[in-house]
1. Under 5 Å between amide H atoms, partner at least 5 residues away or on a different chain: which partners does Gly189 have, H built in plane at 1.01 Å?
2. Could you state the number of Å between the C-alpha centres of segment 77-101 and segment 178-253?
3. Return the percentage of antiparallel bridges among DSSP beta bridges fully within segment 96-253, rounded to the nearest 5 %.
4. Just to confirm the filter: which trypsin sites (Lys or Arg not before Pro) across segment 167-198 are DSSP coil and have at most 16 other Cβ within 10 angstrom of their Cβ?
5. DSSP loop GluC sites (Glu not before Pro) in segment 88-150 with at most 12 other Cβ atoms within 10 Å of their Cβ, which ones?
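FYI, it's all coordinate maths here, none of it is from the lab. All values derive from a computational prediction rather than experimental measurement. Note that each Cβ is placed from the backbone with ideal geometry, even for glycine, and that neighbours are counted across all protein chains shown.
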Amino acid sequence: MNPALRQEYLAALGLETWVMRGKSALAAAPSEFAAPVESPVAPVAPVAPVARTAEAEMSRDDSTAREAGFDWPELRARVAACTRCGLCNTRTQTVFGVGNQGAEWLIVGEAPGADEDRQGEPFVGRAGQLLNSMLRAIGLAREQVYIANVLKCRPPGNRDPAAGEAAECLPYLEQQIALLKPKIMLAVGRIASQNLLRTDVTLGRLRRQVHHFGVSRVPLVVTYHPAYLLRTPGDKRKAWEDLKFAREVCARV
Ligand code: SF4
């Protein structure tokens, strides 16, 4: 990537001070943490999933199988017509997902917000623009990845998804993953991370390690939600570390 263009993307992340290391543009990084750029992030203790009851596990397994076997058009149609939770009563439209159906990267957020509900596409508006910049900073165009949410309908007032809503909606995402077969998943934000990993562990503790999703054990890395980063720009550097880590993990798969 053109170095000037990369600087522009890093600037959009709030990382204005950076140096080039070597010939690769991908080695560019903020000078404050230049040393770890090409080094693996230090391992931390793996996070154990939250213990679940056998009944809950059986219920989830049944639910997961619900959408198995549907192809992309069938799955999209089922989501568009879905009334499995109360969010169908307040949505403008469902937000299925967008991107390259042959993508190696799957980006998963929490749920549609007001802009997404209006436009029918995940990660639009200011948060979407920042996500695009984050992706470009590691050499990925939005069109190269697939982007989806745990929930396909907007919770009113952007409240956190209820556990029952996430449980009803996750099978759609799980079938999207089965169809996509991504090399890596990037969970953005606490809600998406906790739902995908079935844990109550904080985002801070989930960062900097490789998790695995589902029976296919797709490598999964977590980072901050762009909407959070817009409110808390001081954490953009941590997000940049997460992105580099995810890029390293993907290169090893
Ligand atoms: S959030 Fe998911 S489960 Fe609930 S109505 Fe929308 S598509 Fe269906």
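1. Long-range HN contacts for Gly189: Thr223, Tyr224, His225.
2. 23
3. Counting DSSP beta bridges with both partners in segment 96-253, the antiparallel share is about 30 percent.
4. Values: sites: Lys183, Arg190, Arg198; in loops: Lys183, Arg198.
Of the trypsin sites (Lys or Arg not before Pro), the ones in loops of segment 167-198 whose Cβ has at most 16 other Cβ atoms within 10 Å are Lys183, Arg198.
5. On the way: sites: Glu104, Glu110, Glu116, Glu143; in loops: Glu104, Glu110.
Loop-located and lightly packed - none at all.
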